[in-house]
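Values in this text are rule-based calculations from the coordinates and carry no lab data. Remember, predicted model here, so these are calculated numbers, not experimental data. Because the Cβ atoms are built from the backbone with ideal geometry, glycine has one as well, and the counts that use them run over all protein chains shown.
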Amino acid sequence: HIAMPKGTQGISASPDGRHVLALDLVDPKIVVVDTRTDTVSREISLTGSAKGAWRARYSPDGKHLLVTNVSEQTVTVLDPANPTSQKVIKTGRQPFGIAFTSDSKTALIGNPVTKARQINVETADGVVQLSGFVHSHDGYPREGDLFWSPADWAWTGGLMDALVPALYFRQPCVG
């Protein structure tokens, strides 16, 4: 049992399965749980934040960790090997979902108002504002992936939530 007295907002696992991250609901910190011992191995304070974060995702290669903060409209880029090295990027309204390219070099940060921001995770620079909400399931895209959606592509949600992200990642899309 891991005590999180103020609650959690998001939970994520490292690509190697050795750690689980729990984001404190109120305080700007990440609780890192060692999955071998089921104990807290450390807490990481999110510098430059005053409120609890929303989501945390590792890049597929495990070299980068991104944390979104909806309240403060930011994304924090961390090096998991040296989590005190952090860069905070202002994203605009409600950074919510995180998706990485398969080479782990680019992250797309989506929000519920059909905008996405592209971030170079190696330099932690925001590159461009993309239209369309980007698919944020962990690990997408992977070799052989096929994006399926029941949404009508003529509808904004179907177009921006399914077709545009699949085309951006050069993945087949079936409706």
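Observations on the model:
- FRET E, pair LYS105, ALA13, Förster distance 22 Å, beta-carbon r, rounded to 0.05: 0.55
- Separation of the alpha carbons by more than 18 angstrom is noted, of LYS51/LYS87; LYS6/LYS90; LYS29/LYS87; LYS6/LYS29; LYS63/LYS90; LYS51/LYS105, for LYS6/LYS90; LYS63/LYS90; LYS51/LYS105.
- Inter-probe distance in nm under a simple model that places probes 7 Å from Cα toward Cβ, at LYS87 and ASP61: 1.5 nm
- Approximating the spin labels as points 7 Å out from Cα along Cα→Cβ, the VAL26-to-THR47 distance works out to 2.6 nm.
- 3J(HN,Hα) along the stretch 98-107, derived from phi through the Karplus expression 6.51 cos²θ - 1.76 cosθ + 1.60 where θ = phi - 60°, amounts to 10, 10, 10, 6, 5, 8, 6, 8, 10, 10 Hz, with x in place of Gly and Pro.
- Cα pair distances of the stretch 3-83 binned at 5 Å [whole percent]: 3, 16, 30, 27, 17, 6, 1
- As a calculated quantity, the FRET efficiency between ASP79 and VAL40 at R0 = 25 Å, using C-beta atoms, amounts to about 0.80.
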